[in-house]
């Protein structure tokens, strides 16, 4: 059973909205309720779309380009700072692990032997630790 709300000419009516209609299609719209409703709604939608297109306030293309460039720079800076943060965190973790390994994982006799045979070794370890921690100090001093 065919639905009485369907018409085989609906596609033709929809495609002709906004243009001048042939005489046979105008006669069909007068006789077919589904097609006349479709034409009425489609005409209203098209008129609304045309009005919205006329009234739209699109920014100038130069402003859009400038905003896009600024956004790309901000995203690149964010990615770079994220990578630097990971490198700093890794350096801090390796330094801490190294210091714990040297101070906690080495028997005391070895430390005494190293300290007596190479008196500059503890100084070198302190200097290395300071050099590894210096970037963190600078970063946190200048960070917001």
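Based on a Kirkwood Rh over C-alpha pairs, give the Stokes-Einstein translational diffusion coefficient of region 10-55 at 37 °C and viscosity 0.692 mPa s in µm²/s.
Values: Rh = 11.0 Å.
Estimated via Stokes-Einstein, D reaches 298 µm²/s.
Mind checking the full-extension length gain between residue 23 and residue 126? Use 0.36 nm per residue of separation minus the Cα-Cα distance, one decimal, nm. Please list the in-between numbers first.
Values: separation 103, 0.36 × 103 = 37.08 nm, distance 9.67 nm.
The span from residue 23 to residue 126 would gain 27.4 nm if fully extended.
Working out 0.36 nm times the residue gap between residue 31 and residue 69, then minus their Cα-Cα distance, what length gain in nm do you get to one decimal? Could you put the intermediate results ahead of the total?
Values: separation 38, 0.36 × 38 = 13.68 nm, distance 5.76 nm.
Net length gain for the segment: 7.9 nm.
Any chance you could run the full-extension gain for residue 137 through residue 83? It's 0.36 nm times the residue separation minus the Cα-Cα distance, nm to one decimal. Walk me through the numbers on the way to the answer.
Working: separation 54, 0.36 × 54 = 19.44 nm, distance 1.73 nm.
Result for the pair: 17.7 nm of gain on full extension.
Provide the FRET efficiency to the nearest 0.05 for the residue 76-residue 54 pair, computing r from the beta carbons and using R0 = 41 Å.
Efficiency at R0 = 41 Å is approximately 0.60.
Each value in this text was obtained by applying a stated rule to the coordinates, not by laboratory testing. Computed from a prediction, not measured in an experiment: that's the story for all the values here. Quick reminder, even Gly has a Cβ in these numbers, built from the backbone with ideal geometry, and neighbours come from all protein chains shown.
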